[in-house]
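Enquirer: Got a structure here, written out as structure tokens. Questions coming.
The values are calculated or read from the model by the stated rules, or taken from the named source; none is laboratory data. Bear in mind that the values here come from a model prediction, so they are computed numbers and not experimental data. Cβ atoms come from the backbone with ideal geometry, glycine included; neighbour counts cover every protein chain shown. The accessibility values were calculated without ligands, DNA or RNA, using every heavy atom of the protein model including side chains. Shrake-Rupley method; radii C 1.70, N 1.55, O 1.52, S 1.80 Å.
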Amino acid sequence: MTNTPTHPAFGRADPTDWLPYVGLYVPSLLAWMFVAAPLLSYVVSWVGSCWILWSSMTGRVRPLPGDRDWTEQLFRPLFITQGMFAGYLCLSSVFYVWDLVVLGGGELMGTGAATDIQYIAAAQRYSVLAHGALVHGILATMDYRRSGEWTLSTRLPLPRLFLAGGVGALVLMYVVGQMPGLGQFVVKLRALAVVASILGVAYALRQRDGPVIGVGLLLYGWILVESFLSGWKEAPIIAIGLLLLALYPKYKRTVAVVGVGALVFMISVLPAYNNTFRQLNWNQNVEAEQAAQEAVERIETGQVDLGESAWSFLTGRLTLINHLAEYVKHTPERHPYYGLSIAQQGFQSIIPRVFWPEKPVTERMVMERVYENGVVAAASGASAKPSVIADGYLSGGALGVFLVCFLLGSVASWASHLAERWFGGYEIGGQVVFVGLFAGAFLTASIEFLMNSLFWSFVLMGL
């Protein structure tokens, strides 16, 4: 066990140096200055998120840790957590707004359009505030001086170690799955197995480890097939995205070209396939393999309109801006802020039901405020849990958004450097453990489910 030397390059923060972080909130302040021009305010907010991404990832707000090249830090929160947060909760709204303003007739003063864009612009202002607060939390607590303090002694090269870890996590998942009340750990062990296996394939390709490449590609093929048979769009997106991200440091140009093709596929073909698969498998009880085959056939024969499915995905499922706008519309005008009640419910959600049999059903508690704010009707049966930005807003407006997202960024940074400290540095701790247990958790909808997921991720990491 060795200690990493204290050096600014490893990300030590100066708690008194707050001035650089002010720039993270300039887009939000500018957007509020143009509140009387909602479309301009929206554009300023949206471009502001792009600016936050660029300025933080290039080290202009705070220098990046110098222990490795930036391409070898893509699985740290500044890159992967911020990228998912900004892409899903901030930047994806552009398609919805384009559909509302341009394809919706282009008349901002038409029936309801002017009112809609006002609330959408307000929602985007809270989104860019949330983005700035998240990055502020990540950067202010970023400290990798003790990365790799605990090391694992093994003769296995990384590709084989990753694949062995993936198989081990799968075995442990099935063992834990036989025990009652441990479903939370089963889900997380499965995520660890998937991440470790994908990284094993990527590192085998990067190091040209021939025997491992064949085994790894077979395992990756199985993961990819399972993701398409799950019915969740996120599963294949994660499987493809993680592999490309892990390969990028070695094959930058190839990954860039393949990444563009993968992006086109995810936007155009995947939504059509997924909608058809769900209709057959979920609604009509068709076997998963048969449903997948029929979905592909319908796409190949032109029975599914790819353009319509893609646009519906971009303007609907990809963004939550319309939901956030509804919360802004109803709270606090028609319903007072919720204060600390949402956070209190979050702490309650952590307690296992085995210790509290009368514990309220978390889904019902969350959906209650969704119904109260008119986001969806109770009779619809739809599940539309609020995002972390929405819950921050419902708790206390702009201050609530800032506090919740700053804490979220701080927890992400803490989880990352703790994983790297305990698990041998960036390769195992930062990539497998942090990504497998935490990366997806930070996008968990509603504070109750978010706190539950993060708490048990820390518990499993400690175990």
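Enquirer: Aromatic (Phe, Trp, Tyr) and under 21 Å from VAL411 (Cβ atoms): does that describe PHE85?
Expert: When the stated conditions are applied, PHE85 passes them.
Enquirer: Here is a further query. Could you give every pair whose Cβ atoms fall below 9 Å, whose first residue belongs to region 224-253 and is open to solvent by less than 20 Å² (accessible area, probe 1.4 Å), and whose second residue is among the small types (Gly, Ala, Ser) and in a loop (DSSP other than H, G, I, E, B), counting only separations of at least 6 or pairs across chains?
Expert: Final answer for the pair search is PRO236/SER230.
Enquirer: Could you give me the residue pairs with C-beta distances under 9 Å whose first residue belongs to region 281-298 and is closer than 18 Å to VAL269 by Cα, whose second residue is open to solvent by 60 Å² or more (accessible area, probe 1.4 Å) and among the aliphatic types (A, V, I, L, M) wherever it lies, and which are 6+ apart or on separate chains?
Expert: Short answer, once both residue conditions are applied: ALA292/VAL225.
Enquirer: Determine whether region 384-396 contains at least one residue that is at pLDDT 95 or above, in a helix (DSSP H, G or I) and surrounded by fewer than 19 Cβ atoms within 10 Å (Cβ to Cβ).
Expert: So far as region 384-396 goes, yes, one or more of its residues are at pLDDT 95 or above, in a helix (DSSP H, G or I) and surrounded by fewer than 19 Cβ atoms within 10 Å (Cβ to Cβ).
Enquirer: Return the residue satisfying two criteria in turn: it lies in region 274-295 and is within 22 Å of ILE237 (Cβ to Cβ) and either in a loop (DSSP other than H, G, I, E, B) or open to solvent by 60 Å² or more (accessible area, probe 1.4 Å) (or both), and of such residues it is modelled with the lowest pLDDT.
Expert: Step by step, filter region 274-295, then rank; the result is TRP282.
Enquirer: Go through (1) within 20 Å of the chain's Cα centre (by Cα); (2) open to solvent by 40 Å² or more (accessible area, probe 1.4 Å) and name the single condition GLY137 misses.
Expert: (2)
Enquirer: Also, I was wondering about something else. Please tell me if GLU226 is within 30 Å of TYR338 (Cβ to Cβ), of a type in the set (D, E, K, R) and touching a helix residue (DSSP H, G or I) at 6+ places or on another chain (Cβ under 8 Å).
Expert: Considered against the rule, which asks whether it is within 30 Å of TYR338 (Cβ to Cβ), of a type in the set (D, E, K, R) and touching a helix residue (DSSP H, G or I) at 6+ places or on another chain (Cβ under 8 Å), GLU226 comes out as no.
Enquirer: Something else: For PHE406, which of the numbered conditions (1) assigned to a helix (DSSP H, G or I); (2) farther than 24 Å from VAL195 by Cα; (3) open to solvent by less than 10 Å² (accessible area, probe 1.4 Å) fails to hold?
Expert: So PHE406 meets the others, but not (3).
Enquirer: What pairs come up if the first residue lies in region 158-170 and is aromatic (Phe, Trp, Tyr), the second is open to solvent by less than 50 Å² (accessible area, probe 1.4 Å), and their beta carbons are under 8 Å apart, counting only those six or more places apart or on different chains?
Expert: PHE162/ALA196; PHE162/SER197; PHE162/LEU199; PHE162/GLY200; PHE162/TYR203; PHE162/VAL432
Enquirer: Tell me, which residue of region 57-71 that is under 22 Å from the mean Cα position of the chain (by Cα) and of a type in the set (A, V, I, L, M, F, W, C) is surrounded by the fewest Cβ atoms within 10 Å (Cβ to Cβ)?
Expert: Looking at the filtered set, the residue picked out is TRP70.
Enquirer: OK, next. Consider only pairs whose beta carbons are under 6 Å apart and that are at least six residues apart or on different chains; among these, list those whose first residue lies in region 398-426 and is of a type in the set (Gly, Ala, Ser) and whose second residue is open to solvent by 30 Å² or more (accessible area, probe 1.4 Å).
Expert: SER410/THR141; SER413/THR141; GLY424/THR151; GLY424/LEU152
Enquirer: Another question, then. Considering only residues of region 357-381 that are open to solvent by 70 Å² or more (accessible area, probe 1.4 Å) and part of a loop (DSSP other than H, G, I, E, B), which is modelled with the highest pLDDT?
Expert: Checking each candidate, the answer is GLU358.
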